[in-house]
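Structure, as structure tokens:
Read-outs throughout are calculated quantities, based only on the coordinates presented, and are distinct from any laboratory measurement. As the structure is a prediction and not an experimental result, all values here were calculated from the model. Here the Cβ is made from the backbone with ideal geometry for all residues, glycine too, and neighbour counts use every protein chain on show.
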Amino acid sequence: MLPPTNGSRPSQPDLSPNHPVRVFMEDHAILLTFLDELDQAAASVQKSAAGLEPKSPGRDALKKLANNLLDAEPHHQREE
């Protein structure tokens, strides 16, 4: 399961915390947050040629976000 949301997206208070629909909705909110962060990191890296140099903060941020998205594969499998 993905980490809990930070409360920035609406949840379904009428569903129990373990209800499958609620879990999927929370997972989707987290994935949308990751995609927003990925857009921001990519835009930041594009501003500088050094953004993708080894050990650069931009490259590390992109790698972390890519790994977060890859970790979502179990979510997609459950959804199918």
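Ala41: net charge of surrounding residues, Cβ under 13 Å, Lys/Arg +1, Asp/Glu -1, itself excluded?
Overall, the nearby charge balance is 0.
Does the range 28-74 classify as rounded, prolate or oblate by the C-alpha gyration tensor (a ≥ b ≥ c root eigenvalues; a/c under 1.5 gives rounded; else a/b over b/c gives prolate, otherwise oblate)?
Since a/c reaches 1.5 but b/c is at least a/b, the shape of the range 28-74 is classed as oblate.
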Starting with the highest mean, order 34-41, 66-73 by the number of other Cβ atoms within 10 Å, averaged over the residues of each peptide.
34-41, 66-73
Could you work out how much longer the chain between Ser48 and Asp71 gets when fully extended? Use 0.36 nm per residue separation minus the Cα distance between them, nm to one decimal.
5.5 nm
